[in-house]
Amino acid sequence: MIYRQKGKQVSYGEQVGILLLENYAPFIPGDTANATTYDFPVRFKLVEGLTVKRIFAHDLSLKDEMISAGRSLVEEGGVRAITGDCGFMALFQKEMAAALGVPVMLSSLLQIPFIRLLIPADKKIGIITANAKSLDKTVFDAIDVPFDDRLVIEGLEDKPAFNSGINEECGFLDTDLVEKEVVQAAMTLLERDKDIRVILSECSVLPPYGKAIQDATGLPVFDFVTMINYVHSAIVKKTFSGHM
């Protein structure tokens, strides 16, 4: 078999590229920024200067840096799809999708139109987010998702273990405490609105706690990893074998 060099590509085999916030926290297995989360190789790229505080403030001044980092993933790594490690990257979704020439999925929130169709029209989606104050209409407008009463939002910004470990970057993460806080947030959602039929985790650090959420609520749980795995299954098709 003959293999040919591709453009400026310097490594091969990583089909999903992940843009990273400048966020210094422990990213555990299951987290979007931990390579062992996936059953396939991924490639990471830091967007320097894009901090937690700046993304929560909807700072769009690093759009060019985002696009440049995305192009690097495509040109040097040969990735065939790009995601990120923060749901608030939705703010850059349209510009990135237009600029990069590969599928772009910067936020787990992109799953909302699909999820809406899975449940009755009068039922709702519960969203757990890193910061409910920042997850406002601006973010949803950026991805053309209606910011209506079918979305019920609960934030973790006031949860001590989560906030100190992730948002404030204290240097350590007590996952037992974080799990309790995340499950508590999910239960608070259900107490606030009995019409919730699905939970969606906005934050990229929440997939490790998805099973605990599901065990507590009995509901389907969507997050960054469900989205990434879904898109990967579309860009890397497999040959089936078996018998009849």
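Values for this structure:
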quantity: Selected residue [in a loop (DSSP other than H, G, I, E, B), among the aromatic types (Phe, Trp, Tyr) and at pLDDT 95 or above] from 147, 162, 140, 114; calculated: 147
quantity: Within the range 1-37, considering residues that are touching a Pro at 6+ places or on another chain (Cβ under 9 Å) and not in a loop (DSSP other than H, G, I, E, B), the one surrounded by the fewest Cβ atoms within 10 Å (Cβ to Cβ); calculated: 36
quantity: Condition check for residue 119: among the β-branched types (Val, Ile, Thr) and over 23 Å from residue 14 (Cβ atoms); calculated: yes
quantity: Answer from 159, 194 - the residue that is of a type in the set (Lys, Arg) and touching a residue at least 24 places away in the same chain (Cβ under 8 Å); calculated: 159
quantity: Residue in the range 54-71 that is in contact with a Gly (Cβ under 8 Å, 6 or more places away or on another chain), part of a helix (DSSP H, G or I) and not β-branched (Val, Ile, Thr) present; calculated: yes
quantity: Filtered residues of the range 113-150 (kept if touching a Phe, Trp or Tyr at 6+ places or on another chain (Cβ under 8 Å) and of a type in the set (Val, Ile, Thr)); calculated: 115, 139
quantity: Lone qualifier among 121, 142 - being under 20 Å from residue 85 (Cα atoms) and either free of Cβ contacts under 8 Å to residues at least 60 places away in the same chain or surrounded by 19 or more Cβ atoms within 10 Å (Cβ to Cβ) (or both); calculated: 142
quantity: Residues being surrounded by fewer than 20 Cβ atoms within 10 Å (Cβ to Cβ) and assigned to a helix (DSSP H, G or I) - total across the range 211-226; calculated: 7
quantity: In the range 23-54, the residues that are closer than 24 Å to residue 232 by Cβ and β-branched (Val, Ile, Thr); calculated: 28, 32, 36, 37, 42, 47
quantity: Qualifying residue in the range 38-60 (condition: among the polar types (S, T, N, Q), in the same structural domain as residue 87 (by TED's automatic domain parsing), under 17 Å from the mean Cα position of the chain (by Cα) and surrounded by fewer than 20 Cβ atoms within 10 Å (Cβ to Cβ)); calculated: yes
quantity: Test: residue in the range 145-159 that is within 23 Å of residue 104 (Cβ to Cβ) and in contact with an Asp or Glu (Cβ under 9 Å, 6 or more places away or on another chain); calculated: yes
quantity: The range 193-218, residues that are among the hydrophobic types (A, V, I, L, M, F, W, C) and within 16 Å of residue 153 (Cα to Cα); calculated: 196, 198, 199, 200, 203, 206, 213
quantity: Lone unmet requirement of (1) hydrophobic (A, V, I, L, M, F, W, C); (2) touching an Asp or Glu at 6+ places or on another chain (Cβ under 6 Å); (3) at pLDDT below 95 for residue 170; calculated: (2)
quantity: Subset tally (residues that are more than 25 Å from residue 130 (Cα to Cα) and not polar (S, T, N, Q)) for the range 65-102; calculated: 14
quantity: Every residue from the range 89-106 that is outside any loop (DSSP other than H, G, I, E, B), within 16 Å of residue 228 (Cα to Cα) and touching a residue at least 40 places away in the same chain (Cβ under 8 Å); calculated: 89, 90, 93, 105
quantity: Failed condition for residue 77, given (1) surrounded by fewer than 21 Cβ atoms within 10 Å (Cβ to Cβ); (2) among the small types (Gly, Ala, Ser); (3) farther than 23 Å from residue 162 by Cα; calculated: (1)
quantity: Only listed residue being free of Cβ contacts under 8 Å to residues at least 12 places away in the same chain and of a type outside the set (Gly, Ala, Ser), chosen from 168, 179; calculated: 168
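The values are calculated or read from the model by the stated rules, or taken from the named source; none is laboratory data. Being a predicted model, the structure only gives us computed values, none of them experimental. So basically every Cβ, Gly included, is an ideal-geometry build from the backbone, and we count neighbours across all protein chains shown.
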